[in-house]
Every structure is written in C-alpha cells, then in structure tokens.
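Worksheet for the structure shown next.
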Amino acid sequence: MKFSIRRINEWLIVLGIVILLPMSFMYVQQDLDLLPQDSHYLFNMHPSTSILAVSTLDAIAIFRGEEPQGYSTNWYTVSMYFNVVLYLMIGPFLLYKGFKRSKDYENRTKPWYWYIGGAICMGVLFMAPVELMHLKVFENTKESATISREKDLLRLELAKVGFATAQHEIVENGINDTFRVEDLQLNDIKYSYSVEGTPSDTLIIIAASDPEISNHKFWMEVRPYNKGVLKIRN
C-alpha cells in the first residue's frame with residue numbers, strides 16, 4: 001500500500017472512532033440501559049456544559065441576592081476536570097507517543113494508542129467552536145443576571161423613595177421647587193436620585209440611576225393626592 005493511501009486510511013479509522021464510539025456509548029447507556037444515566041459525564045464531548053450548568057445556578061443565586069456556590073468538589077465537577085485533562089493532555093500525549101513509536105517500524109505502522117489519541121484530538125477540533133459558544137453564553141448569562149438583579153433592586157428602592165416623597169408632601173407640606181431627595185433624610189439608599197421637575201403641586205418626577213449600569217434610568221411620577229400615588233417608567 002502506498003504511503004499516502006496508508007496515511008489517509010489511518011485518519012479515516014480515527015474519524016470512524018470519533019463517530020462510532022460516542023454512538024456506541026449512547027446505545028449501551030440509553031437503549032441497552034447497561035450504564036448509569038450520569039455515566040456520560042465521564043466522557044462528556046462538551047465539558048463546558050458542566051461549566052455552564054454550575055455558572056447558571058450561580059447566576060440565579062446572584063439574581064436572588066444569594067451567595068453563589070461556585071465549584072465544589074463532587075462527581076460532577078471532577079468529571080469536568082477529567083474531561084479537560086483527557087482532551088488537552090492525555091489525547092495529545094497518546095498521539096505524540098504513538099507517532100514516535102511508529103518510527104521504530106519500517107512501514108511506520110501506528111500503534112493502537114495513536115488511534116485513541118488521534119480520535120481524542122480530532123474530537124477536540126470538532127468541539128472547539130461549540131465550547132467557545134458555551135463559554136460566551138455563560139459569561140452573558142452571569143452578566144445579564146447581575147444587571148437584572150440590580151435593576152430590580154433599583155426599582156424597589158425607587159418605590160421606597162417615592163412613598164417617602166408622597167408622605168413628606170402630605171405630612172410636612174414640603175414639596176416645592178427647591179425640594180431634593182436628600183430632604184427626605186433616607187440614610188440607607190444605595191442609588192443616585194434627582195428631582196427632574198415639579199410640573200404642579202400634585203406631581204413630582206424623580207429619576208433614579210445606578211452608576212454601574214450605563215445609559216439606564218428609571219423615572220417615577222409621584223402624585224401624593226391621587227389614588228394612584230406612584231407610576232414608574234423606564
């Protein structure tokens with residue numbers, strides 16, 4: 001067999017392993033039910049799904065105002081670390097070791113572990129675009145959860161400021177052109193507030209913003225003597 005044809009056949013065998021091995025594993029696990037349902041994490045073709053799952057739970061915790069758990073040591077995270085070692089260290093090592101070993105033979109015949117290493121490395125090439133997308137989704141999820149939580153907290157605090165403003169007008173009769181949110185003497189407010197205007201004696205417009213969220217504000221119309229005291233808008 002010519003050298004070039006042999007090389008092509010070797011890589012075709014590697015490609016066959018990449019395609020057939022995961023299919024066989026899924027068949028044994030799901031159709032024959034011979035393996036535990038969670039055993040596929042040991043050879044997860046997309047380890048970033050594990051990272052994404054843990055990070056999504058952390059993003060939900062952040063949104064709720066809870067402390068994120070992070071990466072604890074359990075079978076789930078250990079399998080993720082094993083996948084990283086398998087794809088980035090064991091695979092390239094077997095491929096390189098097999099290539100060096102083949103030089104000892106006249107026909108440069110590859111040993112069996114070269115095919116395993118080649119299949120792992122080829123699988124990594126197929127996985128790379130998906131992994132990058134997963135990691136991008138993960139970053140966006142955490143950032144979006146943090147921003148959404150801050151917006152919710154901003155709306156809640158703005159409602160508190162609005163009620164305090166309405167009470168200040170009703171009890172103190174203290175709303176005029178010189179009124180400022182600082183006059184309410186609320187010491188525990190976190191965000192920035194400004195009075196955008198007092199178009200009438202029965203309407204005060206207050207703007208709220210968060211320095212950490214650029215280009216975003218909430219406005220609240222405070223009508224102390226109306227049935228609908230507060231009206232908030234973006």
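The values are calculated or read from the model by the stated rules, or taken from the named source; none is laboratory data. Just so it is clear, the structure is predicted and the values come from calculations on it, not from any experiment. As a convention, Cβ positions derive from the backbone with ideal geometry for all residues, glycine included, and neighbour counts pool all protein chains shown. Keep in mind that these areas ignore ligands, DNA and RNA; they rest on the heavy atoms of the full protein, side chains included. Shrake-Rupley method; radii C 1.70, N 1.55, O 1.52, S 1.80 Å.
Quick notes on this structure:
- Comparing Thr56, His168, Ser214 along the charge dipole axis of the chain, the residue lying farthest to the positive side is Thr56, per the Cβ-charge model.
- Under 5 Å between amide hydrogens, built in the peptide plane, is the criterion, and for Glu196 it picks out Ile205, Ile206, Ala207 among residues at least 5 positions away or on other chains.
- Straightening the chain between Asp183 and Leu57 buys 41.3 nm, computed as 0.36 nm per residue apart minus the Cα-Cα spacing.
- Listed residues Pro92, Pro111, Pro199, most fluctuating in the chain (Gaussian network, C-alpha, under 10 Å): Pro199
- What the Kirkwood sum gives for the chain is a hydrodynamic radius of 23.3 Å, with every pair of different alpha carbons counted.
- One chain, two ends: Phe163 and Ser102. Fully extended at 0.36 nm per residue, the span grows by 14.0 nm beyond their Cα-Cα distance.
- Dipole of the chain, positive end: most advanced residue of Trp114, Val78, Ile5 [Cβ charges, Cα centre]: Ile5
- Surface composition of the chain: carbon and sulfur make up 60 percent of the accessible area, probe 1.4 Å.
- With loop membership from DSSP and a limit of 12 other Cβ atoms within 10 Å, the longest segment of the chain without chymotrypsin sites (Phe, Trp or Tyr not before Pro) is 106-224.
- Average accessible surface area per residue within the chain, 1.4 Å rolling probe, Å²: 64 Å²
- When each of Lys151/Lys217; Lys136/Lys217; Lys151/Lys231 is checked by Cα-Cα distance, pairs over 18 Å: Lys136/Lys217
- Helical runs assigned H by DSSP (4 residues or longer) give the chain a calculated mean residue ellipticity at 222 nm of -19000 deg cm²/dmol, each run adding -39500 (n - 2.57) before division by the residue total.
- Each Lys and Arg contributes +1 and each Asp and Glu -1, all at the Cβ; summed about the Cα centre of the chain, the dipole is approximately 1620 debye.
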